[in-house]
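Accompanying notes for the structure given below.
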Amino acid sequence: ATPMSIMVATGRGAHAGVLIRDAEALERLAGVDVLVLDKTGTLTEGRPSLTEVVAGALDDGAVLAHAAALERGSEHPLAEAITAGAEARGAARLEATAFAAITGKGVTGTIAGRTAALGNAALMADQGVDPGALADRAAALQAEGRTAMFLAVDGHAAGLIAVADKVKPGAAEAIAHLQAAGLRIVMATGDAEPTALAVAAELGIDEVRAGVSPEDKGALVAELKAAGHRVAMAGDGVNDAPALAAADVGIAMGTGADVAVESAGITLVKGDLTRILTARRLSRATMSNIR
Ligand code: ADP
Ligand code: MG
C-alpha cells in the first residue's frame, strides 16, 4: 500500500469511528481469515444487571447483602451490577474485610467474622464448597445466557446470584456479514460454557472457547496463527490485552479499558461491531490502491 492510500484510509476511518493507530495492522486486516471475539463488553453491552437472587443456606436478602459487601471492593463489571442491584432492592448494608479479588473466578472476604466467597464453580472448588442443588439452578440460568455466581459463607453454599448482559444492537448482523465474507468466527470468554453457548446461539456463532483466562485467550490466538491462519482479535478488557497484542490485527473497543486500546492497532471508537466490516473494506481498498 502507498503512504497516500494509507492516509486516505486513516482519514476515512476516523470519520467512520475507526481509529487506525498502526498502518500495518490495517494492511494485514484484508488477509485475515479468523476473527476471535471476546464476549463481555465486545459482543455484549458489558453493562450487566442483576436478574435473580436464589436462596441457599441464607435467605435471598442476606445473599444479596453478603454479595454486595464483597463486590464493593471489586472493579469488575459484575461487581457494579451486584452493588447497584442490592441498593435497588434495599438489601441490608454489610461490611467485608480481608477482601481479595481472584482474577477470572470471583471475590473473597470476611463478613461479621465469617469467611465469604462469591464467584464461579472454579472458585467454589478452590474453596472446597459443594454448590449442591444450587448447581442445577445455575445451569438453568446459564442456559438462558445469564452469568451465575455462587455465594459461599463459612464453607457452605449460601445462595446464587445471576446477572444478564444484553447483546449489542447490530452484533448479530455484523457477525452474519463477517461470516458471509468468509471469516471463521470464534468466541473466547472467561464466562462459563453454558452461558457462552447461549449468547453464541443468539448471535449465530458456532465456535466457542469458554472459561478461558487472559493467558488462554493469547494462547488461542497464537495457536491459530501457528496453524497458518491470519488472526484478528476484538476485545475490550484488561483480560483481552495479551490476545490483542498476539493477533495479526488487534481491534479494541473504544468503550473499553485503556490497556486494550493500547494493545490494539485499530480501535472502534463506539464499540460498534459493524465497524469491523468498515475497517475490512478500508483495508481491502488500501491494498488494491483503490480510492
Ligand atoms: P469475562 O471474560 O467474561 O470478562 P472474567 O474472566 O473477568 O470474564 O471472569 C470469569 C468469571 O469469573 C465470571 O463469569 C464470573 O463467574 C467470575 N468472576 C470474575 N470476577 C468476579 C467478581 N468480581 N464477582 C463475581 N464473580 C466474578
Ligand atoms: Mg470483555
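Every number in this text was worked out from the coordinates using simple rules, so none of it is lab data. For clarity, every value in this text was computed on a predicted model and none was experimentally measured. Because the Cβ atoms are built from the backbone with ideal geometry, glycine has one as well, and the counts that use them run over all protein chains shown.
Go through 112-121, 231-240 and give me the packing order, highest mean Cβ count within 10 Å leading.
Values: 112-121: 18.9, 231-240: 27.3.
Packing proxy ranking, top to bottom: 231-240, 112-121.
Sort Ile205, Ile266 by Cβ crowding within 10 Å, fewest neighbours at the top. The partial results should precede the final answer.
Values: Ile205 21, Ile266 26.
In order of increasing Cβ crowding within 10 Å: Ile205, Ile266.
Give me the one-decimal Kirkwood hydrodynamic radius in Å for region 1-111, with the sum taken over alpha-carbon pairs. Show your work: numbers first, answer last.
Values: mean 1/r = 0.0566 Å⁻¹.
Evaluated over region 1-111, this radius sits at 17.7 Å.
Grab the alpha carbons of region 185-291, take their convex hull, and tell me the volume per residue in Å³.
Details: hull volume 11.7 nm³, N = 107.
Looking at region 185-291, the number lands at 109 Å³ per residue.
Taking the Cα centroid of region 60-132 and of region 240-282, what is the distance between the two, rounded to the nearest whole Å?
31 Å
So what is the relative contact order for the chain, in percent, with contacts set as C-alpha pairs under 8 Å and at least six apart?
27 percent
For the chain, what is one quarter of the convex hull surface built on the Cα atoms, given in nm²? Can you show the working numbers first?
Values: hull surface 59.5 nm².
If you wrap the Cα atoms of the chain in a convex hull and average its projections, you get 14.9 nm².
Whole-Hz ³J(HN,Hα) for each residue in region 144-153, computed from phi via Karplus 6.51 cos²θ - 1.76 cosθ + 1.60 with θ = phi - 60°, x for glycine and proline: what do you get?
Running phi through 6.51 cos²θ - 1.76 cosθ + 1.60 with θ = phi - 60° gives 9, x, 6, 8, 10, 10, 8, 9, 10, 10 Hz.
For Ala158, list long-range residues whose amide hydrogen, built 1.01 Å from N in the peptide plane, is under 5 Å from its own amide hydrogen.
Ala57, Leu151, Ala152, Val153
Enumerate the amide H contacts of Asp248 below 5 Å, restricted to partners 5 or more residues apart or on another chain; note that Pro and chain-start residues carry no placed amide H.
Under 5 Å from the amide H of Asp248: Val231.
How large is Rg/Rh for region 123-244, to two decimals, with Cα atoms and a Kirkwood Rh? Write down the numbers at each step before the final one.
Numbers: Rg = 16.6 Å, Rh = 16.1 Å.
Reported Rg/Rh (Cα atoms, Kirkwood Rh): 1.03.
Could you please rank Phe99, Phe150, placing first whichever residue has the fewest other Cβ atoms within 10 Å of its Cβ? Don't skip to the answer; put the middle values down first.
Numbers: Phe99 16, Phe150 28.
Ordered by Cβ neighbours within 10 Å, fewest first: Phe99, Phe150.
Over the Cα atoms of region 168-239, what is the Rg over Rh ratio if Rh follows Kirkwood? Could the numbers behind the result be given before it?
Numbers: Rg = 12.4 Å, Rh = 13.0 Å.
Value, to two decimals: 0.95.
Can you give the net charge of the other residues whose Cβ lies under 13 Å from the Cβ of Gly31, counting K and R as +1 and D and E as -1? All intermediate terms of the calculation are to be shown ahead of the outcome.
On the way: positive: Arg28, Lys225, Arg230, Arg280, Arg284; negative: Glu24, Glu27, Asp33, Asp248.
Net charge in that neighbourhood comes out at +1.
Give a quick list of trypsin sites (Lys or Arg not before Pro) in region 226-278 that DSSP marks as loop, anything other than H, G, I, E or B, with at most 14 other Cβ atoms within 10 Å.
Numbers: sites: Arg230, Lys270, Arg275; in loops: Arg230, Lys270.
The qualifying sites are Lys270.
For every helix of n ≥ 4 consecutive DSSP H residues, a contribution of -39,500 (n - 2.57) applies; sum these over the chain, divide by its total residues, and give [θ] at 222 nm rounded to the nearest 500 deg cm²/dmol.
On the way: 12 runs with 119 residues, N = 291.
That calculation yields -12000 deg cm²/dmol at 222 nm.
Any idea what Rg and Dmax come out to for region 49-164 if you just take the C-alpha atoms, in Å?
Considering region 49-164 through its Cα atoms, Rg and Dmax are 12.2, 36 Å.
How many nm separate the modelled label positions at Ala55 and His76, each set 7 Å beyond the Cα in the direction of the Cβ?
So the label points at Ala55 and His76 sit 2.6 nm apart.
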